[in-house]
Amino acid sequence: MDKPLLRWGILGCANIARKNWKAIWNSSNGRITAVASRDLDRSRQFIQECQAEAPFEPAPRAVGSYEELLAAEDVDAVYVPLPTGVRATWVKRAADAGKHVVCEKPCAVSVAELDAMLDACRHNHVRFMDGVMFMHSRRLQRIREVLEDGKTVGPVRRITSAFTFRGPEEFFLSNIRARSETEPLGCLGDLGWYCIRFALWTLDWKLPQRVVGHVLSQFQHQGSQLPVPTEFSAELFFDNGVSSSFFCSFVTEIEQWAIVSGTHGHLRVPDLVLPFSGDEIVFETGNPVFNVRGCDFEMQPHHRRWVVKERSHSDPTAQESLLFRRFADQVQSGELTPRWPEMALKTQQVMMACRESALAEGRPVRVDRPVGI
């Protein structure tokens with residue numbers, strides 16, 4: 001007997017919610033029943049436009065308030081793409097209403113705020129997951145196998161990554177990510193979250209001992225009280241001399257790569273967050289050999305391209321679809337696992353430590369250790 005579909009509500013009509021509408025449509029175990037906006041006409045238009053590309057039957061209904069959606073009996077789970085500045089309020093209200101939560105990142109504006117959100121989810125026995133989609137890609141599973149084979153990369157010593165895009169002038173004038181009241185962490189929250197997550201995942205969720213962060217540039221909207229970071233870099237220092245660095249930016253052109261360096265070789269992901277379009281996604285490993293023969297200095301390339309059969313987007317095999325399918329499977333299992341909330345909490349802790357260091361002009365900041373994964 002087929003399991004019933006998980007019934008989704010969407011809080012807000014953010015652009016990223018369009019992609020996740022399609023992901024739920026492709027998930028095979030979920031359907032959208034309602035979309036809420038404080039502007040009823042906006043939610044109607046959002047539904048009409050998304051239905052034209054990925055139609056649900058029956059069509060989701062438009063709701064004129066978040067409260068009304070959370071009270072709906074035909075909504076089991078909510079996707080929350082609301083601004084970070086107000087996200088905690090609605091995640092806690094969703095949990096109190098018995099709704100499971102997929103939350104966009106950064107999850108909160110502080111560790112204490114995320115702690116309160118997760119407490120509400122635990123208290124109400126609902127699941128929580130953040131929206132880091134590459135965590136659900138089959139490529140990540142294959143990367144783990146390569147990292148653990150003991151010979152291709154060897155013990156990890158260094159992780160470097162970058163996630164950037166160049167926002168046009170209009171971005172800084174009208175996008176919520178350029179305003180401190182909606183997205184106070186700027187590029188660190190919007191982009192750096194992914195870099196931190198990959199480093200923690202690579203090192204099996206070990207937290208760094210200390211971090212050093214730097215705001216390289218910032219922007220203050222004329223309607224905001226504080227500036228937000230627009231370029232940020234950080235160094236993370238782990239046990240046994242292992243380290244990681246990342247760079248995130250709203251002002252340099254698109255990059256989204258990660259490199260894992262080990263004692264035997266290195267592994268490179270060229271499109272970490274949003275895979276390049278196609279029917280397969282890849283990563284590369286390198287084990288070059290350097291030889292000296294008399295006066296000849298010779299570098300021999302030894303590279304391998306690893307291919308994973310997975311569509312990059314808008315497909316049932318894509319990482320977005322896998323996120324929502326996996327979440328629905330967890331809900332239907334009836335088990336409340338702490339693993340996904342702990343991933344979010346550790347990422348938040350490291351991110352906030354980076355921000356604290358930057359505010360102290362690069363003073364090293366230690367990272368408190370929660371109960372681990």
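Taking the longest Cα principal axis of the chain as reference, the axis of helix 193-202 is set at about 60 degrees. Calculated on the Cα set of the stretch 186-325, radius of gyration then Dmax: 18.9, 67 Å. Express the carbon and sulfur contribution to the solvent-accessible surface of the chain as a percent, rounded to the nearest whole number, probe 1.4 angstrom. Answer for the chain is 50 percent, counting heavy atoms of protein chains only. Label separation (ALA360 vs SER224): 2.4 nm, computed from points 7 Å beyond Cα along the C-beta direction.
Charging the Cβ of each Asp and Glu at -1 and of each Lys and Arg at +1, and nothing else, the dipole of the chain about its Cα centre rounds to 600 debye.
The residues of the stretch 149-233 have, on average, 41 Å² of accessible surface per residue, using a 1.4 Å probe with all protein chains present.
Does anyone have the angle between helix 339-359 and the longest principal axis of the chain? Alpha-carbon axes, 0 to 90°, nearest 10? Between helix and principal axis, roughly 70 degrees. Normalised by the number of residues in the stretch 31-98, what is the relative contact order in percent for Cα pairs under 8 Å and 6+ residues apart? Result for the stretch 31-98 is 34 percent. Peptide packing: for 18-27, 335-344, 210-219, 166-175, the average count of neighbouring Cβ atoms within 10 Å per residue gives the ranking 18-27, 210-219, 335-344, 166-175, highest mean first. Magnitude of the charge dipole for the stretch 91-199, about its Cα centre and with charges confined to Cβ atoms of Lys, Arg (+1) and Asp, Glu (-1), is about 500 debye. Taking the three principal axes of the alpha carbon atoms in the stretch 124-204, the coordinate ranges are 50, 39, 20 Å, sorted in descending order. Between the helical axis of 84-96 and the longest alpha-carbon principal axis of the chain there is an angle of about 60 degrees.
Given the C-alpha centroids of the stretch 280-348 and the stretch 11-71, what is the distance between them in whole angstrom? Between the Cα centre of the stretch 280-348 and that of the stretch 11-71, the gap is 30 Å. Over the stretch 56-136, the hull volume per residue, using the convex hull of the C-alpha atoms, is 108 Å³.
Length available on full extension from SER277 to SER174: 0.36 nm per residue minus the Cα-Cα distance, which gives 34.2 nm. Relative contact order of the stretch 284-373: 15 percent, from C-alpha pairs under 8 Å at least 6 residues apart in sequence.
In the chain, helical runs assigned H by DSSP with n ≥ 4 each contribute -39500 (n - 2.57); averaged across all residues and rounded to the nearest 500, the mean residue ellipticity at 222 nm is -10000 deg cm²/dmol. Using bins of 5 Å that start at zero, the share of Cα-Cα pairs per bin across the stretch 1-104 amounts to 2, 14, 27, 27, 19, 8, 2, 0, 0, in whole %. Only beta bridges with both residues in the chain are counted; by DSSP, about 65 percent of them are antiparallel. Taking label points 7 Å from Cα along the Cα-to-Cβ direction, LYS309 and LEU40 give a separation of 5.0 nm. Pairs of C-alpha atoms in the chain farther apart than 37 Å represent 21 percent of all such pairs. For the pair ARG166 and TRP205, a Förster radius of 22 Å applied to the C-beta separation gives a FRET efficiency near 0.10, rounded to the nearest 0.05. Dividing the mean sequence gap of close Cα pairs (under 8 Å, 6+ apart) by how many residues the chain holds gives a relative contact order of 18 percent.
The values are calculated or read from the model by the stated rules, or taken from the named source; none is laboratory data. Worth saying up front: this structure is predicted, and the values here are computed from it rather than measured. Here the Cβ is made from the backbone with ideal geometry for all residues, glycine too, and neighbour counts use every protein chain on show. Just the protein is used for accessible areas: all its heavy atoms, side chains included, with ligands, DNA and RNA removed. Shrake-Rupley method; radii C 1.70, N 1.55, O 1.52, S 1.80 Å.
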